[in-house]
1. Report, by residue number, each residue of region 284-338 that is crowded, with 19+ Cβ neighbours inside 10 Å, of a type in the set (Val, Ile, Thr) and closer than 22 Å to Asp6 by Cβ.
2. Please work out if Phe232 is modelled with pLDDT of 90 or more and within 24 Å of Ala352 (Cα to Cα).
3. Among the residues of region 37-78, count how many are touching a residue at least 60 places away in the same chain (Cβ under 8 Å) and among the small types (Gly, Ala, Ser).
4. Within region 290-320, can you find the residues that are closer than 25 Å to Phe84 by Cβ, modelled with pLDDT of 90 or more and not aliphatic (A, V, I, L, M)?
5. Out of Leu161, Leu71, report the one residue that is assigned to a helix (DSSP H, G or I) and in contact with a helix residue (DSSP H, G or I) (Cβ under 8 Å, 6 or more places away or on another chain).
6. Which of the residues that make up region 259-304 are under 21 Å from Tyr383 (Cα atoms) and either assigned to a helix (DSSP H, G or I) or not assigned by TED's automatic domain parsing to the domain that holds Phe377 (or both)?
7. Hey, could you check region 321-334 for residues that are at pLDDT 80 or above and not acidic (Asp, Glu) and say which is farthest from Glu308 (Cα to Cα)?
Amino acid sequence: MMHFFDEIKSYVGFTDDDAARLKALGPLVEPRFSEVVVAFYDALMAHPRARGVFVGPEQIDRLRASLKVWLGELFEGRYDDAYFAHRQHIGRVHVNVGLLPQFMFGAMNLIRHGFLEILSDQQARLEDDPVILGLRHAVTSVDRILDIELTIMVQSYWDSLMKQKLEIPAALATGLAHEVRNPLNAIGLQMTLLERRLRSSEVDEGVYGQVLEAVRAELRRIQGLNSEILDFAKPVDIHTGPADVAEIFYEIRRNHELTLEAGGVQMDIEVDGDPVMVCDRDRLMQVFINLMTNAVEAMPEGGHIRVEVVQNESGLRVEFGDSGPGMSPAMKYRIFDLFYTSKASGTGIGLAIARKIVEAHGGSIDVLSRPGEGTTFTVYLPYPRRDAEDEVER
């Protein structure tokens, strides 16, 4: 599966020609960025609820400067994973400052109209440029990059909504887990005392042994679930060091060889580039074992797992696909929800924790699945930045 950003570009039809065209447009539109910036913030400041987000003229001045930089980056001609990561950061800033989506969408549309006006004024120069190839092509390329920007912004609001959706059940579950922990410990202690008394009495232990073991097994299961809930509630602790991400999969395949053979599952691993990066190896192994376990359980009649680790200039992309039955759209959009599971014995915690681990690395995890066509998880792991990027306001 393509990485999310590649998918967006493909969906709107953004090509290398658009990238070259935008770069050629840069010198023509840059002198009029100030007009677009003024129109953008005039629209926001004209509405009381949008205006209430801002704290003073100094912040507005900084935001105007940041917007001008943002506009310039639209026309740099380089639209790779680093560009996407930076745009995601800007989207999160919009969410964090409390700008309501309807105002952001409306203001973004003003940017689009501002550029259309600039391009119309430059029509004669656009027609003569061998790269831009006229007004129609210029408008198409600008529309596509702004559609990409709007999609990234929408995704930022969606991610925020999903985070809030997850925090409510997580908080409830954590409180309940804390309340349950002490009674569970007390029950475990009483079970131990009961077993000792039975062994020291004349009662035939075989009469009660099976019952006690069944209770003990259920107690262990509840304690394990309780521990998983508490583990999910805690911030993910990341201890980083150099690690070969592909080697993690080779180790998983070696350690689970009997499980794979018993299930009739073949696991193939492909590597493109250098898969070494700074990460928490043990935590990533936890993520990938979870994916493997789910895939094996989804293919009770056997099947195929394909792992592809691809290096690019900004990080690693890991595609983990299986030949199982796939998921319905409703299931696919809930797969990372806490406590959501389609398995009778599942807890619905594993993938929620996996996403937390990936996001703690600054990465993302996505799923593509259709009924009858298998399931592919894509994990994107960016290279850590040497210096933490300052929060960019816009």
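The values are calculated or read from the model by the stated rules, or taken from the named source; none is laboratory data. Computed from a prediction, not measured in an experiment: that's the story for all the values here. Heads up, the Cβs are rebuilt from the backbone with ideal geometry, glycines too, and the neighbour counts pull from every protein chain shown.
1. Val287, Val307, Val309, Val318, Ile335
2. No: the conditions fail for Phe232.
3. Result for region 37-78: 3.
4. Residues satisfying the conditions are Arg306, Glu308, Gln311, Arg317, Glu319, Phe320.
5. Step by step, each of Leu161, Leu71 is checked, and only Leu71 is assigned to a helix (DSSP H, G or I) and in contact with a helix residue (DSSP H, G or I) (Cβ under 8 Å, 6 or more places away or on another chain).
6. Arg281, Asp282, Arg283, Leu284, Met285, Gln286, Val287, Phe288
7. Within region 321-334, the match that is farthest from Glu308 (Cα to Cα) is Ser328.
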